[in-house]
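The values are calculated or read from the model by the stated rules, or taken from the named source; none is laboratory data. All figures in this text were calculated on a predicted structure; none of them were measured in a lab. Positions of Cβ are backbone-derived with ideal geometry, glycine not excepted, and every protein chain shown enters the neighbour counts. The accessibility values were calculated without ligands, DNA or RNA, using every heavy atom of the protein model including side chains. Shrake-Rupley method; radii C 1.70, N 1.55, O 1.52, S 1.80 Å.
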Amino acid sequence: MQAIPANPFAPPMDNGLNNASPLNYVDVDFTYPYDVVLTANQFLRDQTISTTNDADFAWRALVIATMTGAFNVRFADSQGYYLSNGMIASANLIGDAASPYPIFPEIIIPAGGRIGIDIQDTSGAGNTIELLCRGVKRYRIA
């Protein structure tokens with residue numbers, strides 16, 4: 001894929017960002033949601049978000065779209081490797097739809113892979129949670 005030349009007469013902000021896709025790939029914005037309703041202090045292990053088979057997923061950000069109480073969470077990549085050595089409190093995952101919690105460097109989840117989740121309610125009451133795994137589907141082009 002060739003880079004689109006910038007307009008030399010336009011200010012830099014009007015030229016946009018360069019395509020950051022690797023050579024012979026195109027990145028398309030995509031979000032995988034995870035919705036769960038937890039009872040008081042419920043702990044769910046080995047939950048998964050299955051990715052589609054059409055493209056790899058480059059996971060770049062996490063959004064806590066909905067939560068009605070505090071919770072702890074831990075994520076794993078598609079090979080089962082945890083991304084932290086313990087549970088992380090939702091209060092420490094600062095981010096919303098306008099400014100998501102960044103995942104850097106991006107984590108590549110292969111086509112047909114999964115994102116593992118361990119999640120526990122810590123509010124002592126019922127908890128409705130929606131997490132959004134934001135990133136891009138990475139399609140190979142010929």
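Below is a table of values for the structure above.
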{"quantity": "Table column - 3J(HN,Hα) (Hz), the range 104-115, Karplus curve with 6.51, -1.76, 1.60, x for Gly and Pro", "calculated": "9, x, 4, 10, 8, 9, x, 3, x, x, 8, 10"}
{"quantity": "Sequence-distant residues sharing a close amide H with T51 (under 5 Å, placed H)", "calculated": "G112, G113, R114, I115"}
{"quantity": "Gyration tensor verdict on the range 102-142 (Cα atoms; rounded if a/c is under 1.5, prolate if a/b is larger than b/c, oblate otherwise)", "calculated": "prolate"}
{"quantity": "Once exposed loop chymotrypsin sites (Phe, Trp or Tyr not before Pro) are cut out (DSSP; at most 15 other Cβ, 10 Å), longest piece of the chain", "calculated": "10-80"}
{"quantity": "Dimensionless Rg/Rh of the range 19-142 - Kirkwood Rh, Rg from C-alpha atoms", "calculated": "1.00"}
{"quantity": "Most mobile listed residue (T31, T68, T51) in the chain, GNM with C-alpha springs under 10 Å", "calculated": "T68"}
{"quantity": "Exposure rank, largest accessible area first [S123, S21; 1.4 Å]", "calculated": "S123, S21"}
{"quantity": "Length-normalised contact order of the chain in % [C-alpha pairs under 8 Å, at least 6 apart]", "calculated": "43"}
{"quantity": "Lys, Arg +1 and Asp, Glu -1 on Cβ, resulting dipole of the chain about Cα centre, debye, nearest 20", "calculated": "200"}
